[in-house]
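Here the structure comes first, spelled out in structure tokens, and everything after it is commentary.
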């Protein structure tokens, strides 16, 4: 598969060269001198013409002798006309064209509707002009990426690595080694709540990529930004109204090649699923009956090669003498993914032969079949009353319905337990905001926003089924229903936020901004679970004919998973921006965030923590210094203080059983805070060429880590605790270089973090006695890789309308899960992924595109770095130095389609 | 000059604003959490139906319990002979979400029955279906009340110092707990009929009767214990041991009769983080018809050591149990794990065993007297003696799906000199199923004269295994007496020093 593609690429690179009269040169922005990639250069009233390359160069060949008018033009620029004359066949005329923008320039990162915010040039300029340290990917770059969700795009950003879901797609971002809990997600600068049942961080695989205008990763905060980003903040800027009528549409299809006739997709339907639990329907005192539980979600249907489909549509324009701008866009994806996995459950470590000798539980051969239905709808309206007053209304609805079938069995037994789990998760986020921008005087500006957001996740009739096949001397002697349970979970986060910001220009080089917000968050969490008991000795055939009963037909009425909580956050800030001699810019000030959390749960009155509240305030000073060394170079220094709030799940004394442990909340948990220092050198060369080099240092106080609190044999609990001070430092390097039609984009981040926590050790005292104790273990933070990097090779031929990109991502080994047992942490082995995408203009307004992911067929491997005690020939084992406890294979995905743009 | 002054003024204003903000935002953090409700223990009286109590339940009185009965830390509940405690169904709204009632002991429980006037923890008007081959369940669910879990259990917590239960019937418990009111039971799981979880506490269960159960009738996850001369019937529905012991427990399990347990009589495992290492002396027990309701094979059927546990296993009579003594030796991770949830090996070097009698009515049972995962081999002191029968154990590990036996056991079926000759009992015979009789009523497990079990016992376990006496000896606050091993096998030695039932 890979070879022909590469040949095809090479062929394209070295073709089309003949010698004749030629006009060539560069096309630049007259003001900034930046090369204008994709600008059209043509000879008026002839068929001769071309587009500028990645470095702004152009070349028109084979021109007959004569006089011509050469025209240089680009959307958003005033076209330039010049006359040239060609006297000889062999003439080579060099003509550099300077054209100027016809709109006002952008100042800050968050800009209003007009202008082409999606292009590569624009993102580089934004990075250069930004007040703080950030990285940006624009829509043009996103369009060419192999990725179709925001989660996957993030792995391309410098300093960012991703945490994958069981289908292998990026779900959460780790920024500079700081785990997902230390980062937040914004949509158009407005923080959105998470549909996650336990955490604040937002699953990023919900968002379809094609709604984005740009994706910003902010790594140093200013006082005007929300303060809970110790790692960084991800800001999704959604497409805004274009300056002229723009219609675009995409239609694509593809497949995941793990799904074949020998490994079909075994999916289920949710059409008859019981959306509500018996308790929700009839009340807590209702004794549930067998008939209240459906089984259709456990009836699987095979399909050999299900087709993935993607559709998107967008229309935008400016009307009423350009006063009203609008854009409406929709995106729909229906994706089938498969994962084959090997998984070893773990057991309590042994004291022999050495302390904490790893012991596993059982081998599970797992198979995941996941269908994802992703819907994104977005609408943005802005109305300019006059120069001084503007109103915009923004709406976004995203929804991810995931139907996941997990099947596993333990192959090496005389009792074959086959487990099937059907989990239908419906997550959605809705956010709407109304924003006003007003220039009260020429010096005083005011903006305000009212935002309403709602995030919901629901897993109705989540079913776990275990069928037991018992053999004796090789013969199947019985087939029985062993375990069967169903549960309903639902959580809703509802945010209402008001923002108000004033900006006063004290002097032309000195601005003061003050402002703040008040957010009222309400959360509602419910859980109802039922065990359906097997009837011993009854032969099992199919689930619809199975017999079972309920020995306890109620839900747990003292389950703290049923709770309501509210959190009010009041934040205010004062920020000054001062520019000295047009070269030195200082932005600094103080922010204060005051959090007021309270909860009411269903926990038994005989246990502590049924109700509770937490009030805390965090003063968050910051200072960003930007020194412009030259028009192309910046030097930045910054300091900011940030916090990380515990989630509701972490402070309420909830218990929720997981695969190996029970997670439980800790009401005494405090927010973590951190001092963050950054220094960055930036060089923006012609075009999109770029060099960014930076260092950072973070000191995290009260770092939140999960530690083991043993309560009994059957219920070891892990709960979040403030485990002391952690440090994290590293450096980042970003290089982008474009020559004619070629570009290379690379970044590398080194990170080194350290924390010491107490962990359990089982050891032998003497021949007769074994015991255990807690010992200190120093290790990196969960999720931190020492080395992460990206390299992309870009080829762009504007004349042929052909773009291609080969993208490589490397994520170094990192702790995937912190074990409560000393030195037995789960590490994710270093991971390399190679993806390819290309796009070709086929008709005037149509582009054909192809995206292929995971060319190297990289598996995801989780291992324990410990002498291997598992037989070498056992599934997944490949070294005596480590124990592979999980190996996920995803194989490639292919996607091809058409894009239409007017 | 004036410009500079204006700027200075502005800077001062900004500085004041900032310091004000710092002042405002430095108000400290505060956490408030609702505390667990505490009720001081009320003195027991005739109207007690639950709640926190202390004092004495007076002889021959009947109590009907409808909400959890709680003995607070520092309080003592004494139960005099002849008391009947009917554990009723509970209103979940008043009972921590549970539909079953429990006796929750944080303090001290002294249930002091006598042979003449035993104490009952039972369910009012609940008949037993103790007939041969009674059905456990039908399509509507469990029908034998022994396995229904009508009430919860007698549940200790990590702070329970002393639990003494003598001459007491504990029946029909192990109901499902939506919310476990104590440490050591998982929410949503059945209660243990008796649970004890304090490694520094003392647990005594003597001369008592434990009937029925859904999971383990007795689960100890820490404690010094003496479990002697008791009768266990119908323990566990699809799994469950008469006595299931984890890390942090040391004590004796002797002179007990177990009949019809789902899995084992006693089982010891050193799972958990409590210390010391689990050490259980299992001797002179009679274990009959057990191991047949366990829903996974390979987990034992009479006496079991696994996951680092230590102790002894001597002088036991094992009649028609699914497996013989199992001291788990097979390591995990081999190509042939026996069961789908393999476990760590027992602390084999710290276990002594021998002098056990096995009777097998059919070849499936005879094939498992020495189970494949158990590393005992033929100790030479057991009855029957496999060398005399001419049976050689070929392999103990590993095995494949096709071979789950270590030898061909035909010669051990009803081998001469293996019928222990109980005074009154119906052996399964060639056609009957050992699981048909899972109760003791109507039978007498004393030995007839001429029984092969007489005179075959070890009266000591060797120099490395001195007799254990870890609990205080006291009529009211400890053991009535730690009976040493006998020259006869089983729970009913001919000198009458064993089980008095």
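Tell me, please, whether a residue that is surrounded by fewer than 17 Cβ atoms within 10 Å (Cβ to Cβ) and within 14 Å of another protein chain (Cβ to nearest Cβ) can be found in the range A:782-804. No; the residues of the range A:782-804 include none that is surrounded by fewer than 17 Cβ atoms within 10 Å (Cβ to Cβ) and within 14 Å of another protein chain (Cβ to nearest Cβ).
Number of residues in the range A:652-677 that are over 24 Å from the mean Cα position of the chain (by Cα), crowded, with 19+ Cβ neighbours inside 10 Å and at pLDDT 95 or above equals 0. Taking residue A:479 as the residue in question, decide whether it is more than 30 Å from residue A:148 (Cα to Cα) and in contact (Cβ under 8 Å) with a residue 60 or more places away in the chain. Criteria met by residue A:479.
Screening the candidates A:375, A:396, A:400 for the property of being in contact with a helix residue (DSSP H, G or I) (Cβ under 9 Å, 6 or more places away or on another chain), in contact (Cβ under 8 Å) with a residue 24 or more places away in the chain and under 30 Å from residue A:304 (Cβ atoms) yields one hit, A:400. Total residues in the range A:744-773 satisfying the condition of being crowded, with 21+ Cβ neighbours inside 10 Å and facing chain B (nearest Cβ under 10 Å): the figure is 4.
Looking only at residues of the range A:605-628 that are in contact with a strand residue (DSSP E or B) (Cβ under 8 Å, 6 or more places away or on another chain) and without any contact (Cβ under 8 Å) to a residue 24 or more places away in the chain, we find that the one that is surrounded by the most Cβ atoms within 10 Å (Cβ to Cβ) is A:613. Of all residues in the range B:370-394, those satisfying the criterion of being buried (at least 22 other Cβ atoms within 10 Å of the Cβ) and farther than 17 Å from residue B:355 by Cβ are B:371, B:372, B:373, B:391. Determine, yes or no, whether residue A:595 is buried (at least 20 other Cβ atoms within 10 Å of the Cβ) and either more than 10 Å from chain B (Cβ to nearest Cβ) or within 32 Å of the chain's Cα centre (by Cα) (or both). Yes: the conditions hold for residue A:595. Filtered by the rule that a residue be in a strand (DSSP E or B) and facing chain B (nearest Cβ under 10 Å), the range A:517-553 gives A:529, A:530, A:531, A:533, A:534, A:548, A:549. Would you mind finding the one in B:100, B:71, B:105 that is at pLDDT 95 or above and within 14 Å of chain A (Cβ to nearest Cβ)? None of the others qualify; the one that does is B:71.
Screening the range A:879-888 for residues that are in a strand (DSSP E or B) and over 21 Å from the mean Cα position of the chain (by Cα) and picking the one that is surrounded by the most Cβ atoms within 10 Å (Cβ to Cβ) gives A:885.
Condition check for residue A:214 on (1) part of a loop (DSSP other than H, G, I, E, B); (2) modelled with pLDDT under 90; (3) over 30 Å from residue A:481 (Cβ atoms): one failure, at (1). Could you check, for the range A:487-506, whether at least one of its residues is part of a loop (DSSP other than H, G, I, E, B) and either at negative phi or within 14 Å of chain B (Cβ to nearest Cβ) (or both)? No, that holds for no residue.
Within the range B:225-249, the set of residues being assigned to a strand (DSSP E or B) and within 14 Å of chain A (Cβ to nearest Cβ) comprises B:244, B:245, B:249.
With the structure loaded, tell me whether residue A:638 is touching a strand residue (DSSP E or B) at 6+ places or on another chain (Cβ under 6 Å), within 14 Å of chain B (Cβ to nearest Cβ), crowded, with 21+ Cβ neighbours inside 10 Å and in a strand (DSSP E or B) or whether it fails that test. So residue A:638 does not fit the description; no. On inspection, residue A:456 qualifies as surrounded by fewer than 20 Cβ atoms within 10 Å (Cβ to Cβ), in contact (Cβ under 8 Å) with a residue 60 or more places away in the chain and touching a strand residue (DSSP E or B) at 6+ places or on another chain (Cβ under 6 Å). Selection of the range B:267-320 for residues being touching a helix residue (DSSP H, G or I) at 6+ places or on another chain (Cβ under 8 Å), under 24 Å from residue B:367 (Cα atoms) and within 14 Å of chain A (Cβ to nearest Cβ) yields B:292, B:293. For residue A:167, indicate whether it is crowded, with 23+ Cβ neighbours inside 10 Å and at pLDDT below 90. It is true that residue A:167 is crowded, with 23+ Cβ neighbours inside 10 Å and at pLDDT below 90.
Of A:68, A:48, A:58, all but one fail to be under 22 Å from residue A:688 (Cα atoms) and modelled with pLDDT of 80 or more; the exception is A:58. Applying the condition of being outside any helix (DSSP H, G or I) and under 17 Å from residue A:154 (Cα atoms) to the range A:122-137 and asking which residue is modelled with the lowest pLDDT yields A:133. In summary, strands (runs of 3 or more DSSP E) completely within the range A:645-747 and bearing 3 or more residues that are closer than 29 Å to residue A:584 by Cα occur at A:672-684, A:690-701, A:726-739. Taking the criterion of being part of a strand (DSSP E or B) and within 14 Å of another protein chain (Cβ to nearest Cβ), the residues of the range A:359-389 that qualify are A:360, A:361, A:362, A:363, A:364, A:365.
Under the condition of being in contact with a strand residue (DSSP E or B) (Cβ under 6 Å, 6 or more places away or on another chain), assigned to a loop (DSSP other than H, G, I, E, B) and surrounded by 20 or more Cβ atoms within 10 Å (Cβ to Cβ), which residue from the range A:342-357 is nearest to the other protein chains (Cβ to nearest Cβ)? The selected residue is A:351.
For the criterion of being within 12 Å of chain B (Cβ to nearest Cβ), over 35 Å from the mean Cα position of the chain (by Cα), in contact (Cβ under 8 Å) with a residue 12 or more places away in the chain and at negative phi, residue A:602 fails. Based on what the data block shows, is residue A:899 more than 28 Å from residue A:747 (Cα to Cα), in contact (Cβ under 8 Å) with a residue 60 or more places away in the chain and either within 14 Å of chain B (Cβ to nearest Cβ) or outside any loop (DSSP other than H, G, I, E, B) (or both)? Spelling it out, residue A:899 is indeed more than 28 Å from residue A:747 (Cα to Cα), in contact (Cβ under 8 Å) with a residue 60 or more places away in the chain and either within 14 Å of chain B (Cβ to nearest Cβ) or outside any loop (DSSP other than H, G, I, E, B) (or both). Out of (1) facing chain A (nearest Cβ under 9 Å); (2) closer than 30 Å to residue A:534 by Cα, what's the single condition that is false for residue B:222? Failing condition for residue B:222: (2).
The values are calculated or read from the model by the stated rules, or taken from the named source; none is laboratory data. A quick note: this is a predicted structure, and the numbers were derived from the prediction, not measured. For neighbour counting, all protein chains shown are included, and Cβ atoms are generated from backbone atoms with ideal geometry for every residue, glycine included.
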